[in-house]
Amino acid sequence: MTPFVKAFFDEATFTVSYLVREPEGRACAIIDSVLDYDQAAGRTDTSSADEIIRYVRDNDLKVEWLLESHVHADHLSAAPYLQGQLGGKIGIGHNITVVQDTFGKVFNEGTEFQRDGSQFDKLFTQGDSFHIGQMRGDVLETPGHTPACLTYVIEDAAFVGDTLFMPDFGTARCDFPGGSSETLYQSIQKILTLPDDTRIFVGHDYKAPGRDEFAWETTVGEQKALNIHIGQGRPIEEFVEMRDARDATLSMPRLILPSLQVNMRGGRMPEPDEQGDVFLKVPINKL
């Protein structure tokens with residue numbers, strides 16, 4: 001069975017969200033949704049998510065899963081908003097608990113912040129499977145960018161989050177707390193054991209130098225042959241040296257502080273105060 005994949009590209013954060021549906025049938029899943037956020041004003045907006053909602057309703061689809069590839073550091077998740085409008089279960093990797101523990105301390109969240117992954121409906125582990133209607137999805141744990149990164153393999157399509165980018169752009173950074181270039185290399189090798197014709201859908205695209213159009217679909221075979229960071233069987237020692245040196249030059253993502261606080265809560269804001277107001281924290285010199 002070949003799933004139908006509809007991409008929704010958010011140019012403000014260079015994020016690609018996906019709707020994956022049965023080729024014949026109503027069942028679908030939404031992967032890595034975006035809640036729009038104006039950092040200067042501290043204001044959220046649901047325009048990107050509403051586009052997905054319109055598509056689901058216009059095509060009379062049934063959302064069964066709202067899947068997160070990891071705790072994103074560059075955009076806020078719209079999963080709870082979509083769940084309220086469309087239903088479905090929110091899933092993420094079980095190592096979300098590691099991320100919650102790490103950033104619960106960074107943001108001084110205290111004991112009221114639950115670090116057990118209970119904000120999500122399903123915590124996936126390596127080898128788990130799930131269904132979208134008649135389609136089977138299999139879970140690969142692919143940490144390195146973050147401890148909780150997953151790849152969702154749905155029939156002939158693999159949704160890799162930030163682990164891999166388009167072949168001309170390379171691979172994910174590994175310098176966030178809990179990241180590891182050695183672990184990322186091993187995770188990528190796991191993805192590259194899939195059949196060469198497996199379609200790979202990446203979580204972001206930034207238009208590599210010399211490319212004029214955004215792109216987000218490639219294949220395992222193309223990654224093996226052409227990926228500028230890991231293609232042609234590049235050994236782990238060379239990859240780690242390259243990745244660590246590159247990461248040392250990178251700035252923090254523009255929305256990392258709001259994104260982590262919201263996404264480690266399953267896409268929900270912190271609890272409001274007695275007046276009903278919600279606040280996000282800005283830790284100084286912590287990242």
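The values are calculated or read from the model by the stated rules, or taken from the named source; none is laboratory data. These numbers were taken from a predicted model, which means no experiment stands behind them. Here Cβ is always computed from backbone atoms with ideal geometry, including for glycine, and neighbour counts include all displayed protein chains. To get the accessible areas, we keep the full protein, side chains included, count just its heavy atoms, and leave off ligands, DNA and RNA. Shrake-Rupley method; radii C 1.70, N 1.55, O 1.52, S 1.80 Å.
Using +1 on the beta carbon of Lys and Arg, -1 on that of Asp and Glu, and nothing else charged, what's the dipole of the range 154-287 about the Cα centre, debye to 20?
280 debye
Can you list the HN-Hα couplings for the range 38-53, worked out from phi with the Karplus curve (6.51, -1.76, 1.60; θ = phi - 60°), rounded to whole Hz and with x for Gly and Pro?
3J(HN,Hα) across the range 38-53, in whole Hz: 8, 5, 5, 9, x, 10, 9, 8, 10, 4, 5, 5, 5, 5, 5, 4.
Given charges of +1 on the Cβ of Lys and Arg and -1 on the Cβ of Asp and Glu, with all other atoms neutral, how large is the dipole of the chain about its Cα centre, in debye to the nearest 20?
Charge dipole, the chain, about its Cα centre: 200 debye, nearest 20.
Which of the three applies to the range 30-123, rounded, prolate or oblate, going by the alpha-carbon gyration tensor with a ≥ b ≥ c and a/c under 1.5 meaning rounded?
Judged from the Cα gyration tensor, the range 30-123 comes out oblate (a/c at least 1.5, b/c at or above a/b).
Could you please state how large a percent of the accessible area of the chain is carbon and sulfur, counting protein chains only and using a 1.4 Å probe?
That fraction is 48 percent.
I need the phi-derived Karplus couplings for the range 218-232: 6.51 cos²θ - 1.76 cosθ + 1.60, θ = phi - 60°, integer Hz, Gly and Pro marked x.
9, 9, 4, x, 5, 5, 4, 7, 10, 4, 5, 9, 10, x, 6
If we sort 106-113, 79-86, 57-64 on the protection proxy, mean other Cβ atoms within 10 Å, highest first, what's the order?
79-86, 57-64, 106-113
For the range 65-208, what is the accessible area per residue in Å² when the probe is 1.4 Å?
33 Å²
Among the lysines, select those whose C-alpha is under 26 Å from the C-alpha of Lys6, and discard any that sit fewer than 8 residues away in the same chain.
Hits, sequence-local ones excluded: Lys62, Lys89, Lys122, Lys190, Lys207, Lys224.
Can you compute the charge dipole magnitude of the range 241-287 about its Cα centre, using +1 on each Lys and Arg Cβ and -1 on each Asp and Glu Cβ, nothing else charged? Give it in debye, rounded to the nearest 20.
200 debye
Sort 239-246, 35-42 by packing, meaning the average of other beta carbons within 10 Å per residue, with the highest value first.
Result, highest mean first: 239-246, 35-42.
Starting at 0 and stepping by 5 Å, how many percent of the alpha carbon pairs of the chain end up in each bin?
Reading upward from the zero bin: 1, 5, 13, 17, 20, 18, 13, 8, 4, 1, 0, 0.
Quick one: of the DSSP bridges fully inside the chain, what percent are antiparallel, nearest 5?
Roughly 70 percent of the DSSP beta bridges within the chain come out antiparallel.
If each Cα of the range 227-287 is one equal point scatterer, what is log10 of I(q)/I(0) from the Debye formula at q = 0.12, 0.13, 0.14 Å⁻¹?
-0.54, -0.59, -0.64
If one computes the Cα centroid of the range 161-227 and of the range 105-145, what distance in Å separates the two points?
21 Å
Quick one: which of 140-151, 125-136 comes out on top by average Cβ neighbours within 10 Å, and what's the full order, highest first?
The densest-packed peptide leads the list: 140-151, 125-136.
Quick one: what are the phi-derived ³J(HN,Hα) couplings along the range 164-174, Karplus 6.51/-1.76/1.60 with θ = phi - 60°, whole Hz, x for glycine and proline?
3J(HN,Hα) across the range 164-174, in whole Hz: 10, 10, 4, x, 7, 10, x, 9, 6, 6, 10.
Given the Cα-Cα distance of Phe279 and Asp156 and 0.36 nm per residue of separation, how much length would full extension add, in nm?
Extra length from Phe279 to Asp156 when fully extended: 40.1 nm.
Which cross-chain or sequence-distant (5 or more) residues have an amide H under 5 Å from the amide H of His204, H modelled 1.01 Å from N in plane?
Amide H neighbours of His204, under 5 Å, 5+ apart: Val16.
Let me know the whole percent of all Cα-Cα pairs from the range 1-75 that are separated by more than 19 Å.
36 percent
For Ile132, what residues show an amide H to amide H distance below 5 Å, using hydrogens built from the backbone and excluding near sequence neighbours?
For Ile132, the qualifying residues are Gly137.
Counting other Cβ atoms within 10 Å of each Cβ, which GluC sites (Glu not before Pro) in the range 1-58 have at most 13 and sit in a DSSP loop?
Of the GluC sites (Glu not before Pro), the ones in loops of the range 1-58 whose Cβ has at most 13 other Cβ atoms within 10 Å are Glu11, Glu24.
How long is the range 54-172 along each principal axis, judged by its Cα atoms, biggest number first, in Å?
Largest first, the range 54-172 extends 44, 37, 26 Å along its Cα principal axes.
Could you give log10 I(q)/I(0) at q = 0.10, 0.11, 0.21 Å⁻¹ for the range 120-243, computed by the Debye formula over C-alpha point scatterers of equal weight, without solvent?
-0.29, -0.36, -1.25
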